[in-house]
Amino acid sequence: MNIYELFLSSFYRILKGDKRYKYYRELSSNLKCSRKDIILEQNKNIRKLIDHAYHQTAYYKELMDSLNINPNDIKTKEDLNKLPELTKQLIKENIKNLTSNDHYSQNMFKETSGGSTGERAILYKSTFFNQMSRGSWLRNNSIIGWMPTDKSAWIWGSSIKLESNFINKVAVFLNRRLILNAFQYTSDDFPIWHQKILKFKPKVVFGYSSIILEFSKFIIDNNLKLPSVKMVVSTSEKLRKHELIENAFNCKVYDQYGCREVIAIGIELDSSEMILTDDVVVLNTNEDHEFLLTPLFSYGFPLINYKVGDIGHIKKNKNIDKKYPFLNMDLEIGRVSDYFLRENNLRISSVAFSSAMDPTNFGIEVHQIIQVNYTKFEINYIPLESSDLKKYYKSVAEQLEHFFGKNLTIKFKGVLKIPVEKSGKLLLFKRIFKLSV
């Protein structure tokens, strides 16, 4: 650990009570282990999580007793299949019973899934699970050479929040990050971004893949260079067109696989190989090749066989990475998001937009927002028995006017089920008209 990393570790530990760097160092030591050692550690952590879930949560005790399953019956990744899938609907119906009755449930915070795969989940994370997740994210980045003290430019959708949060501003400064606002942007912002990156000289460009792709096209079209950038890391959406982005930045491009619920699942080593870091999260699949996640440190609100909404397959166990003790994974269908548009072609990323339009903020079960043209929206929604529809219409209209301006035409339609796409995917945010030329 270098001096600056030690300083960062002390900042998080002393001022924020955050042990992410401690967990980062512990998890980094696993990179030197054999696959056999990883499996032994994985099995130990599976047993500990199952024991915690059974003895400390009403949900898993009732579930396992009803299935005549003893905690000692589940010792391995394969044994997890003895338990049914944990769907987002089940989580919604069992928030209290999934919350543990021990110290891990103290000071938990709510996490809402992005909803880009369809159904949105609301769950809770303990302080321990959150900090362990952050540590695993740092460790996974280090695998591709992105170290905690490296400068990075984030094409991100959360910079608005930073303006009113001093602690976040300090954290961004100390972490040597440049935040480029991808919440609302146009192609006119790209020259500004280019100049800021040139001046800041980051080693890493990190952010939403769809926007990075747009920015890459701008760089190529204008024959621009960013010599300090040594890697591009994509997140939140399925990475497309590796080669184009590599040509734009003249460096390697990596895909991160994670979600808000479990932020560090896999990391891409090259365009044909992604490793599943299963010392932190176990990934199984069902008969339909849907991913079932078991984050091994989700104490306080255990997630076991959590159906995240992605599809793919894990390569055969014999295909272990030569350098690291992890399995290879194929992610066939990820989360590809579209952006919304204003009349001046100002883009609003639906990844960031989805947080502001979280249906739980409006007292309904779920809604689908479709942009028909610059000022026309169609909204399919499923109400709850307690929903105040008059208030819902008014609140949604106010939010849309905040993003898209006044004089909008908004058509609401109550439905029993949100329609799916021809691909079988359910999109909660979509645009059905093209960018004007």
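The values are calculated or read from the model by the stated rules, or taken from the named source; none is laboratory data. Keep in mind that this is a model prediction, so the values were computed, not measured. In this analysis, Cβ positions are derived from the backbone assuming ideal geometry, glycine residues included, and neighbour counts consider all displayed protein chains.
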Complete set of residues in the stretch 22-38 that are touching a residue at least 24 places away in the same chain (Cβ under 8 Å) and part of a helix (DSSP H, G or I): 22, 23, 24, 25, 26, 27, 28, 30, 31, 35, 37, 38
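For every residue, the table says whether it meets (1) touching a strand residue (DSSP E or B) at 6+ places or on another chain (Cβ under 7 Å); (2) surrounded by 18 or more Cβ atoms within 10 Å (Cβ to Cβ); (3) in contact (Cβ under 8 Å) with a residue 12 or more places away in the chain; (4) part of a helix (DSSP H, G or I).
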| position | (1), (2), (3), (4) |
| --- | --- |
| 59 | no, yes, yes, yes |
| 64 | no, yes, yes, yes |
| 68 | no, no, no, no |
| 80 | yes, yes, yes, yes |
| 100 | no, yes, yes, no |
Enumeration of residues in the stretch 248-264 that are in a loop (DSSP other than H, G, I, E, B) and in contact with a strand residue (DSSP E or B) (Cβ under 8 Å, 6 or more places away or on another chain): 251, 258, 259, 260, 261, 262, 264
Residue that is farthest from residue 283 (Cα to Cα), among those in the stretch 21-63 that are out of contact with any Pro (no Cβ under 7 Å at 6 or more places or on another chain) and of a type in the set (A, V, I, L, M, F, W, C): 58
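Please enumerate the residues belonging to the stretch 203-225 that are under 30 Å from residue 7 (Cα atoms) and surrounded by fewer than 21 Cβ atoms within 10 Å (Cβ to Cβ). Let's see the steps before the verdict.
Of the residues in the stretch 203-225, the ones under 30 Å from residue 7 (Cα atoms) are 203-208.
Across the stretch 203-225, the qualifying residue is only 203.
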Cross-chain or 6+ apart pairs with Cβ under 8 Å, the stretch 222-247 first and assigned to a strand (DSSP E or B), then among the polar types (S, T, N, Q) and crowded, with 17+ Cβ neighbours inside 10 Å: 233/141; 233/256; 234/209; 234/256; 235/209; 235/256
Condition check for residue 384: within 21 Å of residue 360 (Cβ to Cβ) and outside the structural domain of residue 89 (by TED's automatic domain parsing): yes
All positions within the stretch 265-287 that are among the β-branched types (Val, Ile, Thr) and not in a strand (DSSP E or B): 265, 277, 280
